[in-house]
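Data first, discussion second: the structure below is written as C-alpha cells.
Taken together, the values in this text are just the output of simple stated rules run on the coordinates, not laboratory data. Bear in mind the structure is a predicted one, so any value in this text is a computation, not a measurement. Here the Cβ is made from the backbone with ideal geometry for all residues, glycine too, and neighbour counts use every protein chain on show.
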Amino acid sequence: MPQYERHVFVCENVRPEGNPRGCCAAKGSAVVRARFKALVAEHGLQGRVRANMAGCLDQCEHGVTVVIYPDGVWYGAVTVADVDEIFTRHVLRGEIVERLHIRDAAAPDAAE
C-alpha cells in the first residue's frame, strides 16, 4: 500500500467525567474527525489523504488534539469550526496553522 501524502489522526480517547487531564471525546472529537473525513471525500483525496480516529495522544490538556503526518505537526483545542482551515492550509498547502499549533507535544511525565 502506498504512503499517504497526509495522515490526520484525531484523538477520540474517553476519560471519566471530571478527569483533571480532560477528555477529547467530551470536547467533540468525533465531529472533528467526521469533518476531516468529509473534506477528504469532497476533495477526491481518498487513497492520498486519510483521517483516522486515534486513542490517547497524551495531550489531553490540549484537547481536541489532532496530529498530521508525515509532518509531525500537532494541533490543540481544535473544534469543528477549525477543521476547514486546517484542511485547506495544512493538508492541501502544507502551511502550519500557528494559532492551534502545539509547539512542544512531548509526552508529559505522568503516564496515562
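The table that follows gives values for the structure above.
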quantity: Test item: Cα-centred dipole of region 6-100, Lys/Arg +1 and Asp/Glu -1 on Cβ, debye; calculated: 240 debye
quantity: Gain in span if fully extended, Glu61 to Tyr4, counting 0.36 nm per residue against the direct Cα distance; calculated: 17.7 nm
quantity: For the chain, built as a Gaussian network whose Cα springs stay under 10 Å, the top-fluctuating residue of Cys24, Cys60, Cys11; calculated: Cys60
quantity: Beta bridges per DSSP with both ends in region 6-100, % antiparallel, nearest 5; calculated: 55 percent
quantity: Debye-sum result for region 3-65 in log10 I(q)/I(0), which assumes one identical scatterer on each alpha carbon, at q = 0.22, 0.28 Å⁻¹; calculated: -0.81, -1.08
quantity: Separation of the Val31 and Asn52 label points, Cα + 7 Å toward Cβ, nm; calculated: 2.6 nm
quantity: Translational D in µm²/s for the chain (Stokes-Einstein at 25 °C, 0.890 mPa s, Kirkwood Rh from C-alpha pairs); calculated: 175 µm²/s
